[in-house]
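The values are calculated or read from the model by the stated rules, or taken from the named source; none is laboratory data. Only a predicted model underlies this, so the values are computations on that prediction, with no experimental measurement involved. All Cβ positions, even for glycine, are placed from backbone atoms using ideal geometry, and neighbour counts span all protein chains on display.
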Amino acid sequence: MAQGKKIYVIAGEASGDLHASNLMAAMLERDPNLDFRFWGGDKMAEVHSGLVKHIRDLAFMGFWEVITNIRTILKNISFCKEDILAYEPDAILLVDYPGFNLRIAEWAHEKGIKVIYYISPQVWAWKQKRVHKIKQVVDKMFVILPFEKEFYERFNYDVTYVGHPLLDEIAKHGFSEEQRKAFYAKHELDARPIIAVLPGSRRQEVSKKLPIMLDALKPFTEYQVVIAGAPSLDEAFYAPFNSENVKMISNETYHLLQSSEAAVVTSGTATLETALFKVPEVVCYKSSRFSYEIAKRLVKVKYISLVNLIMDREVVRELIQGDCNSEAIREELSKLLKDDAYRAALMKNYDELEVILGGGGASDKVAESLLLELK
């Protein structure tokens with residue numbers, strides 16, 4: 001078999017693992033001889049061998065957390081550079097994860113290695129000056145949010161908008177009534193409707209927010225509470241949070257959302273996933289005071305959830321830092337569950353969101369374009 005092109009992929013978070021795995025699969029369909037070496041997670045490892053570092057060892061949240069783990073991060077960057085040189089790839093494919101990946105992009109450009117970026121860093125939110133560096137060091141940028149192409153045009157940088165890959169991922173997950181019953185039976189759930197809790201994938205953020213989320217849900221005894229466990233965290237981590245009315249289900253977040261009446265969700269990709277599954281949600285964000293005070297001064301966007309950013313208005317309620325408390329979560333959730341008009345208005349906005357995101361096929365579009373870049 002002829003030696004195929006070699007691609008070094010770096011994804012540092014659960015969402016990056018998902019989207020990179022779908023892209024790798026789409027590329028291998030077109031060229032089975034491709035070889036990948038990568039930083040990522042279980043989903044990427046299911047598509048191809050070559051995992052170097054797992055995302056569970058890479059996710060650090062907030063300014064303070066990054067500072068306290070800076071030696072580990074710098075060690076990882078140094079190791080990554082050595083590993084890339086040893087592998088001698090035809091291109092590096094960077095997936096989101098900007099703090100790490102932009103450093104690698106700059107270094108790789110200096111080494112004459114082609115740099116492809118899939119899922120733009122959120123430079124439109126903060127550090128907009130990073131665009132000038134991106135223009136210099138990234139050979140091709142693929143963006144997934146409709147407003148990002150216009151943003152980059154302001155800096156005379158031509159990027160390719162491919163639509164959001166979540167549309168394809170969610171379309172794969174049909175869920176019949178029989179499958180719902182099987183899901184309930186498999187996890188020994190009772191007949192009560194479910195409130196899903198999506199506390200994030202990083203140890204620090206889960207530890208900070210999950211106790212607040214669960215405390216808010218204590219009065220909702222007519223519902224059962226189910227935590228979406230992250231693949232980057234083991235079951236033992238969640239054990240202290242389990243109780244008679246609280247269960248944890250790992251690696252089945254989509255099935256959980258399809259079975260839920262409402263959700264309490266950490267800001268990030270999960271807010272968009274929840275909306276596309278048409279689940280009413282309240283969005284929560286809370287970090288260390290130090291990290292929050294810095295972010296407040298640097299971040300240039302009106303909203304923290306992708307749903308509101310894309311819609312450019314508050315569609316889902318955002319509870320940030322001090323507002324992220326049990327009482328506020330409980331109040332919003334009561335409206336989502338019991339106020340029919342409030343819920344119906346949210347569903348109408350969700351439908352509009354889906355239209356704005358356009359058609360699917362993001363992974364296929366990127367795969368085709370990327371393979372042309374490698375010729």
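Can you report the number of residues in segment 216-225 which are touching a Lys or Arg at 6+ places or on another chain (Cβ under 7 Å), within 23 Å of ASP323 (Cα to Cα) and without any contact (Cβ under 8 Å) to a residue 60 or more places away in the chain? Number of matching residues: 0.
Could you say whether any residue in segment 227-240 is among the acidic types (Asp, Glu), modelled with pLDDT of 90 or more and either in a strand (DSSP E or B) or more than 24 Å from LEU336 (Cα to Cα) (or both)? Talk me through it step by step, then tell me what you get.
Initial filter on segment 227-240 (among the acidic types (Asp, Glu)): 234-235.
Narrowing the set further to residues that are modelled with pLDDT of 90 or more leaves none.
No, there is no match, as no residue in segment 227-240 is among the acidic types (Asp, Glu), modelled with pLDDT of 90 or more and either in a strand (DSSP E or B) or more than 24 Å from LEU336 (Cα to Cα) (or both).
Restricting attention to segment 124-163, and to residues there that are of a type in the set (Phe, Trp, Tyr) and within 20 Å of the chain's Cα centre (by Cα), which single residue is surrounded by the most Cβ atoms within 10 Å (Cβ to Cβ)?
Restricting attention to segment 124-163, the residues satisfying the condition of being of a type in the set (Phe, Trp, Tyr) are 124, 126, 142, 147, 151-152, 155, 157, 161.
Restricting the remaining residues to those that are within 20 Å of the chain's Cα centre (by Cα) gives 124, 126, 142, 147, 161.
Values: TRP124: 20, TRP126: 16, PHE142: 23, PHE147: 14, TYR161: 20.
Only one residue fits best here, namely PHE142.
Comparison of LEU309, LEU337 shows that the only residue that is modelled with pLDDT of 95 or more, outside the structural domain of ASP139 (by TED's automatic domain parsing) and not hydroxyl-bearing (Ser, Thr, Tyr) is LEU337.
Of everything listed in (1) at negative phi; (2) touching a helix residue (DSSP H, G or I) at 6+ places or on another chain (Cβ under 9 Å), the single unmet condition for TYR97 is (1). Residues in segment 323-374 that are of a type in the set (Gly, Ala, Ser) and farther than 22 Å from ILE195 by Cβ were compared, and the one that is surrounded by the fewest Cβ atoms within 10 Å (Cβ to Cβ) is GLY359.
Scan segment 143-199 for residues that are among the charged types (D, E, K, R), outside any helix (DSSP H, G or I) and within 22 Å of VAL355 (Cα to Cα) and the total you get is 1.
Of the residues GLU261, GLU252, which single one is within 20 Å of the chain's Cα centre (by Cα), surrounded by fewer than 20 Cβ atoms within 10 Å (Cβ to Cβ) and modelled with pLDDT of 90 or more?
Numbers: GLU261 fails: within 20 Å of the chain's Cα centre (by Cα).
The unique qualifying residue is GLU252.
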